[in-house]
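For reference, the structure is listed below as structure tokens.
The values are calculated or read from the model by the stated rules, or taken from the named source; none is laboratory data. Note that the structure is a prediction, hence the values are computed from the model and not measured. Quick reminder, even Gly has a Cβ in these numbers, built from the backbone with ideal geometry, and neighbours come from all protein chains shown. In case anyone asks, the SASA skips ligands and DNA or RNA and just uses the protein heavy atoms, side chains included. Shrake-Rupley method; radii C 1.70, N 1.55, O 1.52, S 1.80 Å.
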Amino acid sequence: MALSAILMLALPAARTASFEQTDRTVVKVASFAELAQKLAATLNKCGVKRIMIVDFEDPIKRVDEFGVWLADQLAAAPGNPWTPIEVVDRKQIAAKWEQLRIAEPYTIEPDRREHMAKAFDATLIGGSYSPAENGVGLQLSAAASAMPNGLIVKLAMTDEMKAHLTKPLESLGPGDGVFTAGVGGISVPACEYCPNPSFGTGELNGQSAGTVQLMIVVDANGRASDITVKKEFSRELDQDAVNAVRHWKFKPATDVDGKPVATRTPVEIVFSGR
């Protein structure tokens, strides 16, 4: 009897991956100009000629004033750090976004962003932020061909940045203290001890396989809590999945300072009778 358990990573573009947590590099920068220079160097190697930087999202994937300001500062970083890459003016982006919003009111946001990138013949650069010690964590992404691994950054706090914060730095995080893995430089938890759930073949109700999708919180100690069934299969298999995950042990996610944090993470468990 075979059984597989797959952790679905909470990344901007949903995809399935194994439990292995890959090493990541956090780039530390002291200014937007330094960040722009490093990002431009990476994109230039991939042949990118023009980019458009969209509003950054907060730790729970919403756009707020601070995220807009961060994107503005990166796009307009002083000293021509983007050369030879052209950066689309953020005012043009805002105007085009409004045009698309009116012309295509039922279009979902990712598609609208893609339409906007095609209109400007530019590579779309997205970002998200989270609080860090004396700074902010940033996660920057682009089309896979332009920047396949993204860029994780710790941007040092400056007086100007403090002036644009609408609340204390430590309050930038989610209200319940649970971050989204893969957002704002928060890593993804890795499974350290995740034995396959046990179940009876009769629980598959005559089918060859059954899938249960859960949403869990992996706390800073690597334990699963707040387990919710998001996609049911049967009462028995659903409970088998919950019981198993409750006893799993994870390597917790970390912020850009390497500090363990709680994250909300989807888990998919596939029960197979083959």
Those residues that are among the aliphatic types (A, V, I, L, M) and either within 20 Å of His247 (Cβ to Cβ) or at pLDDT 90 or above (or both), I need them from the range 185-217; list them, please.
Ile186, Val188, Ala190, Val212, Leu214, Met215, Ile216, Val217
Please tell me if Gly182 is at pLDDT below 85 and either touching a Gly at 6+ places or on another chain (Cβ under 6 Å) or buried (at least 19 other Cβ atoms within 10 Å of the Cβ) (or both).
no
Out of the residues in the range 166-179 meeting the condition of being at pLDDT below 85 and in a loop (DSSP other than H, G, I, E, B), tell me which one is farthest from Arg246 (Cα to Cα).
Thr166
If we take the range 44-152, then helices (runs of 4 or more DSSP H) inside it with 3 or more residues that are farther than 24 Å from Leu165 by Cα and open to solvent by 80 Å² or more (accessible area, probe 1.4 Å) are 90-103, 109-120
Given the criteria under 16 Å from Pro59 (Cβ atoms), within 22 Å of the chain's Cα centre (by Cα), open to solvent by less than 70 Å² (accessible area, probe 1.4 Å) and of a type in the set (A, V, I, L, M, F, W, C), does Leu169 qualify?
yes
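Each row is one residue, and each column tells you yes or no for (1) assigned to a loop (DSSP other than H, G, I, E, B); (2) crowded, with 19+ Cβ neighbours inside 10 Å.
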position: Ile186; (1), (2): yes, yes
position: Pro195; (1), (2): yes, no
position: Ile216; (1), (2): no, yes
position: Ile227; (1), (2): no, no
position: Leu237; (1), (2): no, yes
position: Phe250; (1), (2): no, yes
If we ask which residues in the range 252-274 are open to solvent by 10 Å² or more (accessible area, probe 1.4 Å), more than 18 Å from Gly177 (Cα to Cα) and assigned to a strand (DSSP E or B), their number turns out to be 3
